[in-house]
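First comes the structure, then the notes that go with it.
Each reported figure results from applying straightforward, stated rules to the coordinates on display, with no laboratory input. The structure presented is a predicted model; accordingly, all values stated were derived computationally and were not measured. Every residue, glycine among them, receives a Cβ derived from its backbone with ideal geometry; neighbour counts consider all protein chains shown.
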Amino acid sequence: MSEDELIIYRCTECGKLSTSLGYIHGHAEKHNPGLDPWGLIPDPRKTANPDHLNTIVEAVRVEEYTTHHPEDVPANW
């Protein structure tokens, strides 16, 4: 990966973005449906399982972008 290359990881369940794969894996854990009717007991086959987490996380390679000063970007952009 070159210094100019930007990879963003996206949770396909809700769209949350991060530049850290570990962070987005941690986030994706909350989409692990539980084994009980209330969803409180996590499914151990999916918990902390990178193979499963990679099925709901995608890598987005940003090939073109522009930079702006933070004050020049609207808050809702």
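Here is how the numbers come out for the structure above:
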item	result
Qualifying positions in the stretch 43-60 - in contact with a strand residue (DSSP E or B) (Cβ under 6 Å, 6 or more places away or on another chain) and closer than 12 Å to GLU13 by Cβ	VAL57, GLU58
The one condition in (1) in contact (Cβ under 8 Å) with a residue 24 or more places away in the chain; (2) assigned to a helix (DSSP H, G or I) that VAL60 fails to fulfil	(2)
Total residues in the stretch 30-42, condition exposed (fewer than 14 other Cβ atoms within 10 Å of the Cβ) and in contact with a Gly (Cβ under 9 Å, 6 or more places away or on another chain)	3
Filter result (over 24 Å from GLU13 (Cβ atoms) and part of a loop (DSSP other than H, G, I, E, B)) within the stretch 63-77	GLU63, GLU64, TYR65, THR66, THR67, HIS68, HIS69, VAL73, PRO74, ALA75
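Every residue, every condition in (1) assigned to a loop (DSSP other than H, G, I, E, B); (2) exposed (fewer than 11 other Cβ atoms within 10 Å of the Cβ), yes or no:
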| residue | (1), (2) |
| --- | --- |
| ILE7 | no, no |
| ARG10 | no, no |
| GLY15 | yes, yes |
| TYR23 | no, no |
| ALA28 | no, no |
| PRO44 | yes, yes |
| ALA48 | yes, no |
| THR55 | yes, no |
